[in-house]
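The values are calculated or read from the model by the stated rules, or taken from the named source; none is laboratory data. As the structure is a computational prediction, the values presented were derived from the model and not from experiment. Neighbour counts are summed over all protein chains in view; Cβ atoms, including those assigned to glycine, are modelled from backbone coordinates with ideal geometry.
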Amino acid sequence: MLRRIVILTIMLCLVLTAKGQDDAEDEESNPVVDSLVREYAAATSDTARVRLCREIGFKSANPDTVIKYCTIGVSLFNGKESAILANLYGYLGWAYMFKEQNPQSIECYKKAIDICQAMDSAKYSILLSINLSQSYRQNHNYSEMWLALYNALRAAQQTSDTVNICYCYYMIAVGYEELKMKQQSIDAALKGFQLAEKAHHKDDMGICASEISSVLCEDTDVESCREAVKWGHRAVECLSETEDPYYLSVKNFAYNYLIRAYICLAEMEGNAALIDSASYYIGKNEELFDVLVDDDTWIMTQQNKIRVKYAKHDYKGAEKMLMDVMKYADESGIHEYDDDTYLYLSETYDKLGDYRNALKYYELYRAVNGKKTGTRAMIEAAAFEVKSQVELEQEEADYEKRNAEKELEDGQRHFRRMMIVSTAGFVASLVFVFFLWKMLQNTRKGNAALMSHNEEIKTQNEELNIEKAKFADINNKIRQSMRYARRIQMATVSSEEEISEAFPNAMVYYKPSEIVSGDWYWAARLGSKRILALGGSARNGVPGALVSMMTVNALKDTVGQLSAMSVVSPTAILRTVQSKLPEAARHNAAGLSLCVFGRGSVRFAGVNQNAMLIKNGNPVVMHGDRPGDLFNTVTEGDVVMLYSASTKRELLDRDIKPEALCGYLSQQSPVGQKGAIEEMVSQRIQKEDVTVVSIII
């Protein structure tokens, strides 16, 4: 995204600067840089040298050459501030920005802007302000970046400069898109489009329409994809007659967004004809390579070809193309698209059944995407002047979520360290007790020896008291660690509020036999579908909690991957979860039940665990450990109950079957169900974890 912004900004700046040159100044008829350098060497006056330095700065694409001659031009300039001096500082700003020497770039752009404002040259000042904003972006000064952009917009509006107003709106829309503020991005681009449409500026209509198509492409619903196709066609139509290199580069981006929208629409509607349309526009886009080709263009085109391979289920072909893209990115040093490439590779290997590589590239995707998210968070913090209070609250919620995830990771590491320390302390205490026992045995052999060593025993008793205090402290720390571990575990399972959000008429009874539990439950929404899962470990306490946390994390990871491919089969989800668990965790997982609720239906699959469906008061056992999904229709008033294996051992006597207990509970409200279970648990000494989730349709 940043690369795209800088490239487009610089190209437009150079194009419009050429158009804005003072007609009274002498200009060469497109001389090459070498000819200008030779003219400079032969020049006999400072005035001529300054003019030639300005021309070299304008014509040269080599930043080192620009810096050399524009610096000389500035040092030789001895007249009043003029467009020539502003040009020299502007070209220096571009060269330093290209070399990522951002403090120098910012200083040069500011000087150029000050000169333009003193000369009342607003048009060139606007372009310099836009470029200044990109230097601030590269220097991570995002507050000044937004300020420069909006200063450029206000200046363009004051001078009624339609072209630059449209371009400012476009740059602001691109900034919002990078922040994932989609509606604000669309609104800004739409303002620019409507303004350009009134002024009959087709090229500016094209860049704004292209940006709207880009934002809509990021959504995964049918309506957004159709709108993306519509705006993509408008962009291509508006740019159909352009020959300007800058607008040709925009046309290239417009083709890519149109292709992506066609592919997304084809995947959602299952329409193969739309894939043919995508292939046609890939060919049209490649025709631009004769006049415009760079690393970004090639990689984006390859990614669209890969998506076509996906749509045709040619995963082997997609794998080969993805490897070519990775090799090209490494050779060219372009890593902006690595996250997309890693995600495509993860999905490809998943389709090919190579789950090890699928997980490997998914982890790489998460790592790269996490870095982008970090940069985006800094930019969002600087954009407070253009956001509403609701958006700020959402940002704070996202920030708290990231902190909670970090706290969870830190807590897991702390828990492991404390377990090691506690185990070592316990072993040391046992050794000490054994030593004390041996010492006391020896003291009983003779009363005389006991009296002679009375002082020594007293000292040893004092040491024993110190060790006992240490042991008590260790025990206290163990319990603190266990309580902290419970907080960590509760962060992995769904809260009752999250259950209620997914299932408004639900009951959750969750009572571990120890501080941490081997039982767990989790719920989530996938579009119109809702997922409910419940499982347990063969052990209670810490071992069971570790197994449950690994299982829940594997389930979340699996649902995230499968949902992206519209796969909501309980059997497929459980199979993938089992493949991700270590062998020791699989052996210690007592059971796992998973339901996917649709409109008027429920799909079930289980591992070593059943569930219960109560229809019209009649319990029906949904058996696990069967091939494929178990499908049942449900109507209002039906009840689905999930319970762990430990719950069955704890609550059911030999004469009571699960059908009888679930039938009895289904006749009551959620509050009544929870009270009935609590009464049963309180009547005995609890030895097992108890977890029951009841959903009333």
Checklist entry - If you take the residues in segment 677-697 that are surrounded by fewer than 13 Cβ atoms within 10 Å (Cβ to Cβ) and in contact with a helix residue (DSSP H, G or I) (Cβ under 9 Å, 6 or more places away or on another chain), which one is nearest to M490 (Cα to Cα)? => result K687
Checklist entry - Being in contact with a strand residue (DSSP E or B) (Cβ under 9 Å, 6 or more places away or on another chain) and on the phi < 0 side of the Ramachandran plot, is that true of even one residue in segment 480-489? => result yes
Checklist entry - Would you call K401 outside any helix (DSSP H, G or I) and either under 24 Å from M482 (Cα atoms) or modelled with pLDDT of 70 or more (or both)? => result no
Next on the checklist: So if I check each of V671, V681, V692, which one is outside any helix (DSSP H, G or I) and in the same structural domain as N540 (by TED's automatic domain parsing)?
Outcome noted: V692
Next on the checklist: Filter segment 672-683 down to the residues that are touching a residue at least 24 places away in the same chain (Cβ under 8 Å) and not acidic (D, E) and list them by number.
Outcome noted: Q673, K674, I677, M680, V681
Checklist entry - Which residues, taken from segment 155-176, are closer than 11 Å to A122 by Cβ and in a helix (DSSP H, G or I)? => result A155, A156, Q157, Q158, N164
Checklist outcome for this item: Among helices (runs of 4 or more DSSP H) completely within segment 1-112, the ones holding 2 or more residues that are of a type in the set (S, T, Y), crowded, with 22+ Cβ neighbours inside 10 Å and modelled with pLDDT of 85 or more are 83-98
Checklist outcome for this item: Residues of segment 286-304 being within 18 Å of G232 (Cα to Cα) and either at pLDDT below 80 or of a type in the set (D, E, K, R) (or both), in sequence order, are E286, E287, L288, T297, M300
Item to check | Which numbered condition V692 misses (of (1) without any contact (Cβ under 8 Å) to a residue 12 or more places away in the chain; (2) touching a strand residue (DSSP E or B) at 6+ places or on another chain (Cβ under 9 Å)) | outcome: (1)
Next on the checklist: Among the listed residues F604, F631, identify the single one that is part of a strand (DSSP E or B) and either among the charged types (D, E, K, R) or under 25 Å from E496 (Cβ atoms) (or both).
Outcome noted: F604
Checklist entry - Of these, N588, N618, which one is touching a residue at least 24 places away in the same chain (Cβ under 8 Å) and over 28 Å from V559 (Cβ atoms)? => result N618
Item to check | Which listed residue is in a strand (DSSP E or B) and either assigned by TED's automatic domain parsing to the domain that holds D221 or of a type in the set (V, I, T) (or both), from V542, V568, V621 | outcome: V621
Next on the checklist: So in segment 491-506, with the set limited to residues that are buried (at least 16 other Cβ atoms within 10 Å of the Cβ), among the hydrophobic types (A, V, I, L, M, F, W, C) and over 11 Å from S694 (Cα atoms), which one is modelled with the lowest pLDDT?
Outcome noted: V493
Checklist outcome for this item: Considering residues that are modelled with pLDDT of 80 or more and touching a Ser or Thr at 6+ places or on another chain (Cβ under 8 Å), the number found within segment 562-576 is 2
Checklist outcome for this item: Taking first residues from segment 182-197 that are farther than 13 Å from V163 by Cβ and second residues anywhere that are polar (S, T, N, Q) and buried (at least 21 other Cβ atoms within 10 Å of the Cβ), the pairs with Cβ under 9 Å that are 6 or more apart or on different chains are S185/S214; A189/S210; A189/S214
Item to check | Boolean, K674 is crowded, with 16+ Cβ neighbours inside 10 Å and farther than 21 Å from T571 by Cα | outcome: yes
Checklist entry - Which number in (1) β-branched (V, I, T); (2) within 25 Å of I126 (Cα to Cα); (3) part of a helix (DSSP H, G or I) marks the one condition that T242 misses? => result (3)
Checklist entry - Which members of segment 119-144 meet the condition of being out of contact with any Cys (no Cβ under 8 Å at 6 or more places or on another chain) and modelled with pLDDT of 85 or more? => result S129, L132, S133, Q134, S135, Y136, E144
